[in-house]
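Read-outs throughout are calculated quantities, based only on the coordinates presented, and are distinct from any laboratory measurement. Please read all numbers here as calculations on a predicted model, not as lab measurements. Cβ sites come from the backbone with ideal geometry, for glycine too, and all protein chains shown count toward neighbours.
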Amino acid sequence: MRIRKMFRFENAHIVRGCTTRRCSRSIHGHSYRVELIFGSSSLDRGQMVYDFGLTKGMIKAYIDAFDHAITLWSGDDPEYLKSMKRWSERWVQIPVNPSAEQYARLFFLLVDRVLAQTEMVNGEHGVTLERVIVHETETGYAEADRADAYSTSLGAIDLAEILFSDRVREEWENPYMFEELLGGKRFVNPESV
């Protein structure tokens, strides 16, 4: 059985190297929708695959980090990166070009890691993230599954290379949650949200 949870965020970026001149040479923004598709062959005590309320913690915080922010590619021009960080309070620097395809892979890796390091307390069993769909526009989206997210031929994504601005981190309930995630900390789902 599968369930879907959708999140939204507003974000600006430049996608270097793409064919469309406006996208590759001008900062522009999108109203993104991110669909997370979870699956399990069993249901929890509430007869759910995974309570949607549980996605409102770390999972939502990581996606919300991109809201009203600029996403920067670490491989971009150093002067551009420096200037954007100077004039933007909210930014996220990622190790891949910020295309819809790479967003889908990146969000898959983040959410998959959160699930893998979370102790379930309401009878959930075998909950997995099956797909992530990132709608960049009303007519275009990118979709990633496990094979895509972990593919080295699509460009390996090392989560340790993601940088969140101080302002983004200050808005998190726990400003150190990313370091804790990278360090392998075990998280326990709340009994009630």
Excluding residues fewer than 8 places away in the same chain, name every one of the aspartates and glutamates whose C-alpha is closer than 19 Å to that of K85. E10, D64, D67, D76, D77, E161, D166, E170, E171
Could you order peptides 77-83, 139-145 by the average number of other Cβ atoms within 10 Å of their residues, highest first? 139-145, 77-83
Selection from N122, T139, V49, by position along the positive dipole direction of the chain (Cβ): T139
Straight-line reach from K82: which lysines fall under 21 Å, measuring Cα to Cα and dropping same-chain residues less than 8 apart? none
Using the Cα atoms as the points, what is the convex hull volume per residue of the chain in Å³? 119 Å³
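Write down the percent of antiparallel bridges among all DSSP beta bridges whose residues are both part of the chain, to the nearest 5.
If we restrict to bridges inside the chain, about 75 percent are antiparallel.
Output the Kirkwood hydrodynamic radius of region 102-160, Cα pairs only, in Å rounded to one decimal.
Taking the inverse mean of 1/r over all distinct Cα pairs, region 102-160 comes out at 12.6 Å.
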I want to verify the translational diffusion coefficient of region 49-142 in µm²/s; compute it with Stokes-Einstein, Rh as the Kirkwood radius over Cα pairs, at 20 °C and 1.002 mPa s. 142 µm²/s
Straight-line reach from K56: which lysines have Cα under 20 Å away, leaving out those fewer than 8 places along the same chain? K5, K185
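So what's the projected area for region 1-82, the Cα convex hull averaged over all directions, in nm²?
Details: hull surface 29.3 nm².
That works out to 7.3 nm².
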Taking amide H positions as placed 1.01 Å from N in the peptide plane, with prolines and chain starts having none, which residues 5 or more places from T118, or on another chain, fall under 5 Å of its amide H? F187
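So how strong a dipole does the chain carry about its Cα centre when Lys and Arg Cβ are +1 and Asp and Glu Cβ are -1, to the nearest 20 debye?
Result for the chain is approximately 380 debye, rounded to the nearest 20.
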